[in-house]
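Peer 1: I am attaching a structure below and will ask some questions about it afterwards.
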Amino acid sequence: MQKNYNPLIGLIIDDDFAKKHDPPYPNPVFLSYETPLRISVILNYFERMNLFRNERIKKLSPRTIEEDILHLAHSQYHIDTIKRLTNFGGGILSEDVFIAPDTYSIAKKAVGGVIEAMVSVLENKVKQAFALVRPPGHHAFREEASGLCIFNNIATAIFYLREKEQYKKRIAIIDIDDHYGDGLARYFYEDPSVLYFSIHEFDFLEGDVGFISDIGAGDGRGTSINFPIPMYTTDEDFLAFFDVITPILNDFNPDLIVVPAGFDMYFADPVGNILLTSKSYYEFTKRLLQLAKQICDGKIVFSLEGGYNLIGLPICCYAIISALLDEKFSSHPYEELDFSGRSKIREITKIKKSLIKTLRPFWDSL
Ligand SMILES: [Zn+2]
């Protein structure tokens, strides 16, 4: 490790995320997947693996924020809707969003968690951070909640940096959730200072967004990038997207990398149809960290998005931390499945070539 390199990794933790915003629906109803258990299983697993005894791990608490911060990314109408429905005792806001009697405060706290993660990294309190927050955020829009997301945690935190911390440097978002982060992408669609890259499962049912040809607009053309992958992609082919993102990150030269860390590409996830094991999250992080060290002094912020298999979720989160710690990691025995003969490399190579052709006018090193 180089001299003066801050070795600390921040984990944003708060008990409320493991208790509140509890869906009152029976499993396996879709709305029941986004449960406080997601956080408690992660924390229990970290405890069991003695992670909190590691001197490089630093627990951090979400920053307390007021409603004015939510205004940076959301309309008064949207904030009031969440507040009122919370005060009424909750209910179903749309087919894929529920509100519980304590949702408003915890959704606000999730934003405060991501703000704390970003500020701690930029102030060099820690070198990387992982915000273990929920509800997730990357489907939330300025005017509405969507896809289990209430407020857009990452977008709000970036606007916080811009408006409250006068931080104007370039930020790259690498979204690895199974789904296209439609809300998050929208905020920065015309903003050349924030690059949004998403690798996601191509959704044939709602396949009207997140295409290769969706590249941003106005000054932001070329800084919105989609790498859609087919169903049943495995560990073997997943990391092929580094062939696209590596030269682009080198060209873009961000000061900070943010990862909306969804784990619903996990093979046993009840929502996604990709076949990753924890090995992919480990290898992904190792490669990204190596790049980040060359480009932005290793500064990366991870923020929990989706991922609903309660056995796999903690293992995958642990895989990310192990890679950041530069420790060895071996897959869980439960993941030793034979996916050979499932290769999607032909489709993925086609997607890669087509994406490179689309983006070449915007990036010199492609
Ligand atoms: Zn997702």
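The values are calculated or read from the model by the stated rules, or taken from the named source; none is laboratory data. Bear in mind that the values here come from a model prediction, so they are computed numbers and not experimental data. Virtual Cβ from ideal backbone geometry, glycine too; neighbours counted across all protein chains shown.
Peer 1: Let me spell it out: the conditions are (1) surrounded by 15 or more Cβ atoms within 10 Å (Cβ to Cβ); (2) assigned to a loop (DSSP other than H, G, I, E, B), and LEU355 meets all of them except one. Which number is the exception?
Peer 2: Against the list (1) surrounded by 15 or more Cβ atoms within 10 Å (Cβ to Cβ); (2) assigned to a loop (DSSP other than H, G, I, E, B), LEU355 comes up short only on (2).
Peer 1: Working carefully through the options LEU289, LEU310, LEU304, find the one that is closer than 22 Å to ILE154 by Cβ, touching a residue at least 12 places away in the same chain (Cβ under 8 Å), among the hydrophobic types (A, V, I, L, M, F, W, C) and surrounded by fewer than 20 Cβ atoms within 10 Å (Cβ to Cβ). Let's see the steps before the verdict.
Peer 2: Working: LEU310 fails: closer than 22 Å to ILE154 by Cβ; LEU304 fails: surrounded by fewer than 20 Cβ atoms within 10 Å (Cβ to Cβ).
After ruling out the rest, the residue left standing is LEU289.
Peer 1: Which residues, counting only those in the stretch 114-138, are out of contact with any Phe, Trp or Tyr (no Cβ under 7 Å at 6 or more places or on another chain), under 16 Å from ILE65 (Cβ atoms) and within 15 Å of the ligand (Cβ to nearest atom)?
Peer 2: Result: PRO135, single match.
Peer 1: If you don't mind, there's one more thing I want to ask. Any residue in the stretch 145-157 that is over 30 Å from GLY89 (Cβ atoms) and either part of a loop (DSSP other than H, G, I, E, B) or without any contact (Cβ under 8 Å) to a residue 40 or more places away in the chain (or both)?
Peer 2: no
One line per residue, one yes/no per condition, for (1) over 25 Å from ILE311 (Cα atoms); (2) surrounded by fewer than 16 Cβ atoms within 10 Å (Cβ to Cβ); (3) among the hydroxyl-bearing types (Ser, Thr, Tyr):
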| site | (1), (2), (3) |
| --- | --- |
| LYS59 | no, yes, no |
| ASP68 | yes, yes, no |
| TYR77 | yes, yes, yes |
| THR81 | yes, no, yes |
| ARG84 | yes, yes, no |
| GLY89 | yes, yes, no |
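Peer 1: If you go through the stretch 1-42, how many residues are part of a helix (DSSP H, G or I) and among the aliphatic types (A, V, I, L, M)?
Peer 2: 6
Peer 1: I need the full set of residues from the stretch 260-281 which are of a type in the set (Phe, Trp, Tyr), surrounded by 24 or more Cβ atoms within 10 Å (Cβ to Cβ) and under 17 Å from ASP237 (Cβ atoms), in order please.
Peer 2: The answer is TYR266, TYR281.
Each row is one residue, and each column tells you yes or no for (1) within 16 Å of the ligand (Cβ to nearest atom); (2) in a helix (DSSP H, G or I).
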{"site": "VAL301", "(1), (2)": "no, no"}
{"site": "GLY306", "(1), (2)": "yes, no"}
{"site": "LEU310", "(1), (2)": "yes, no"}
{"site": "PRO314", "(1), (2)": "no, yes"}
{"site": "ALA323", "(1), (2)": "no, yes"}
{"site": "SER331", "(1), (2)": "no, no"}
{"site": "LEU337", "(1), (2)": "no, no"}
{"site": "ARG342", "(1), (2)": "no, no"}
{"site": "ARG346", "(1), (2)": "no, yes"}
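Peer 1: Since PHE141 meets every condition but one in (1) surrounded by 24 or more Cβ atoms within 10 Å (Cβ to Cβ); (2) within 16 Å of the ligand (Cβ to nearest atom); (3) of a type in the set (A, V, I, L, M, F, W, C); (4) not in a strand (DSSP E or B), which condition does it not meet?
Peer 2: Only one criterion in (1) surrounded by 24 or more Cβ atoms within 10 Å (Cβ to Cβ); (2) within 16 Å of the ligand (Cβ to nearest atom); (3) of a type in the set (A, V, I, L, M, F, W, C); (4) not in a strand (DSSP E or B) is unmet by PHE141, namely (1).
Peer 1: Which one of these does PRO230 not meet: (1) in contact (Cβ under 8 Å) with a residue 60 or more places away in the chain; (2) within 16 Å of the ligand (Cβ to nearest atom); (3) surrounded by fewer than 21 Cβ atoms within 10 Å (Cβ to Cβ); (4) of a type outside the set (Gly, Ala, Ser)?
Peer 2: (2)
Peer 1: Might you check whether a residue that is more than 15 Å from the ligand (Cβ to nearest atom), in contact (Cβ under 8 Å) with a residue 60 or more places away in the chain, in contact with an Asp or Glu (Cβ under 9 Å, 6 or more places away or on another chain) and assigned to a helix (DSSP H, G or I) occurs anywhere in the stretch 260-276?
Peer 2: For the stretch 260-276, residues more than 15 Å from the ligand (Cβ to nearest atom), in contact (Cβ under 8 Å) with a residue 60 or more places away in the chain, in contact with an Asp or Glu (Cβ under 9 Å, 6 or more places away or on another chain) and assigned to a helix (DSSP H, G or I): absent.
Peer 1: Does LEU132 satisfy the criteria of being surrounded by fewer than 19 Cβ atoms within 10 Å (Cβ to Cβ), of a type in the set (A, V, I, L, M, F, W, C) and modelled with pLDDT of 95 or more?
Peer 2: The answer is no for LEU132.
Peer 1: Being within 10 Å of the ligand (Cβ to nearest atom) and basic (Lys, Arg) is the filter here, so list the residues in the stretch 170-196 that pass it.
Peer 2: Of everything in the stretch 170-196, nothing turns out to be within 10 Å of the ligand (Cβ to nearest atom) and basic (Lys, Arg).
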